[in-house]
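The values are calculated or read from the model by the stated rules, or taken from the named source; none is laboratory data. Being a predicted model, the structure only gives us computed values, none of them experimental. Virtual Cβ from ideal backbone geometry, glycine too; neighbours counted across all protein chains shown.
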Amino acid sequence: MAKTPASLSRRIALLACATATLAWSSAALAAYPDKPITITVPTAPGGTVDIVARIMAEQMAAQLGQPLVVNNKAGAGGVIGTQAAKREQPDGYNILFTANSNQLIVPWVYKKPGFDPIQDFMPIAAVGSVPNVLCVHPSFPANNLKEFLAAVKAKPQHYYQYASAGSGTLNHLLGEMLNEQGKLGLQHVPYKGVAPAMSDVMGNQAPMLFASLPSAVEAVKGGKLRAIGVSSTSRVALLPDVPAIAEALPGFSGDLWVAFYAPRGTPTAVVDRLYAAVQAAMKTPTLQQRFQQLGVTAMHDGPQQLAARQEKEFQQWKQVVKQSGAEAN
């Protein structure tokens, strides 16, 4: 009986190994998920990203039959949490929920962010967007966007300041965009977080800031802040009388949006399963009601659409950061 050539034997062995691996993978995917899933959120509890993550976790758990546990790892503009998510096993049991500001702006602001949003993560789904609101103290000499622009232009450069959550944050860069497009000359004053920045504006220690709609709406409705304009391309239902800044400065846009990602190497079938769970959760009346209350506009980007969106915006923010000179160590 003729012997099987060594090279053929090796090929047969490799094929057998690959077949066994495929069979194991198929079985694992069929059972996925069979334990809780951890969602890393690279921001502090209580903010817009965290709030939406917890709403999604509750509704997706019903779809997947397993708990989804939110794990906040805040710090360094989202760098700490995002780096941690990158290091997790790509098995679908550790995923990232983050905002475009953390994922696409931070890498341009930090010299060594320790992650590449395009190369290190697989997009799963974009969930929703919220506009930012340009807010001023009620004593500011302007009641609307037209009066605001006129009041700022009537003063010398840097007469008015705007507060932000820190250098390179979205509300900092929105201020720079407003400066650039409106030729305003506002001076940036960075704070260590949006809460102290908003507190100082409400206390009239700083005249204005950009804040996300969910964080600002109660203060606006309570008369502690005056809303001048929103960063979305059109007006929003929660503040229907507040114009979009784009009405006066065409092309101005800078919403915060949030999305799920998985570490690079996560099986495509797992990503598809998670995307399906997201879409099913988005159809529930409970989630739709909570989004409406928060002023969150639902997004339905799948993996390919989210990939295209982030690649385009990644380059756009590069230019904005470069123009602003924003930098963090």
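Points to keep in mind about this one:
- The range 273-288, residues that are in a helix (DSSP H, G or I) and surrounded by fewer than 19 Cβ atoms within 10 Å (Cβ to Cβ): Arg273, Ala276, Gln279, Ala280, Pro285, Thr286, Gln288
- Subset of the range 69-124 (residues that are touching a strand residue (DSSP E or B) at 6+ places or on another chain (Cβ under 7 Å) and among the small types (Gly, Ala, Ser)): Gly77, Gly78, Gly81, Ala84, Ala85, Gly92, Ala99, Ser101
- Highlighted here are the helices (runs of 4 or more DSSP H) found entirely within the range 76-177 that include at least 2 residues which are in the same structural domain as Thr268 (by TED's automatic domain parsing) and not hydrophobic (A, V, I, L, M, F, W, C): 79-87.
- In the range 289-310, the residues that are surrounded by 14 or more Cβ atoms within 10 Å (Cβ to Cβ) and not in a loop (DSSP other than H, G, I, E, B): Arg290, Phe291, Leu294, Thr297, Ala298, Pro303, Gln305, Leu306, Ala307, Arg309, Gln310
- Unique match (being free of Cβ contacts under 8 Å to residues at least 40 places away in the same chain, of a type in the set (Gly, Ala, Ser) and in contact with a helix residue (DSSP H, G or I) (Cβ under 6 Å, 6 or more places away or on another chain)) among Ala142, Ala150, Ala99, Ala165: Ala165
- Qualifying residue in the range 134-146 (condition: over 19 Å from the mean Cα position of the chain (by Cα) and among the hydroxyl-bearing types (Ser, Thr, Tyr)): yes
- Those residues of the range 299-320 which are touching a residue at least 12 places away in the same chain (Cβ under 8 Å) and of a type in the set (D, E, K, R), in sequence order: Asp301, Arg309, Glu311, Glu313, Lys318
- Selected residue (criterion: surrounded by the most Cβ atoms within 10 Å (Cβ to Cβ)) from residues of the range 178-192 that are charged (D, E, K, R) and at negative phi: Glu180
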